[in-house]
Amino acid sequence: MALLAVGLLIGSATLTLAGGFFLFTARIAGREPVTLKPVDAIVVLTGGQSRVSDGVQLLAEGHGKRLLITGVNRSTSPGELRRALPVSEALLECCVDLGHKALNTWGNAIEAAEWARAKRFRSLMVVTSTWHMPRALFELGRALPDVELVAYPVVSDRMSERGWWSDPQMVKLLVKEYLKYMMAKAKIRPAQAVAPLDSPPPAPAQVSANR
């Protein structure tokens, strides 16, 4: 009887996790938005070059007044960013801020919250990978409960061209992201959020940071 109870408990937990996973994947956009709501500013969470280029393009098109790229490698300079992105130097100098403190998504939320409060922004467009968006919005919503968040999911070819379930690597990525999302909701913090101010910058130089 005890073994049966344990088996039922494990089976129930498995079904709950599986159901939660498929609900999670149903929230992941399969295409980038066509129409965009006006916002005060734009926040890009690093982790892929296309996120940064899309965020800068949104800024250039006037969808926000200012842009924060949070989670930039501390050894990346504004000059390296200018060389990496096909946008005017005047726009980068006037309207783009680089955040070097964040070490993960939790840190992104902390860094973005400090920036948004300092600038008194009331609405932000959040730019990150489509699979990363649920966790990013959750962390940012917790850090900025009074700020409106508008999602701009960056959709890769692997997500848009065919079903993710047919790609074992994508399935693995989504399962990992789902577990991270559940840990965020449970406030389980296995890693440091932001880098100490006196810590040496990592090498080599790059725009993106690990997530």
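Checking the cross-link pairs Lys65/Lys101; Lys119/Lys172; Lys101/Lys187; Lys101/Lys185 against a 27 Å limit on the alpha carbon distance flags Lys119/Lys172 as lying beyond it. Less than 5 angstrom separates the built amide H of Met125 from those of Ala41, Ile42, Val43, Val150, all sequence-distant by 5 or more or on a different chain.
Karplus-based coupling profile of the stretch 166-172, in residue order and whole Hz: 8, 10, x, 5, 5, 4, 4, with θ = phi - 60° in 6.51 cos²θ - 1.76 cosθ + 1.60 and x standing for Gly or Pro. Eigen-decomposition of the gyration tensor built on the alpha-carbon atoms of the stretch 28-103 gives equivalent ellipsoid semi-axes of 20, 15, 12 angstrom, largest listed first.
Averaged over residues, the count of other Cβ atoms within 10 Å places the peptides 148-154, 91-97, 134-140 in the sequence 134-140, 148-154, 91-97, highest first. Summary of packing: across the peptides 27-33, 69-75, 108-114, the per-residue average of other C-beta atoms within 10 Å ranks them, highest first, as 108-114, 69-75, 27-33.
Laboratory data are not the source of any read-out in this text; all were calculated from the coordinates shown. This one's a predicted model, so the numbers in the text were calculated from it and none came from an experiment. Heads up, the Cβs are rebuilt from the backbone with ideal geometry, glycines too, and the neighbour counts pull from every protein chain shown.
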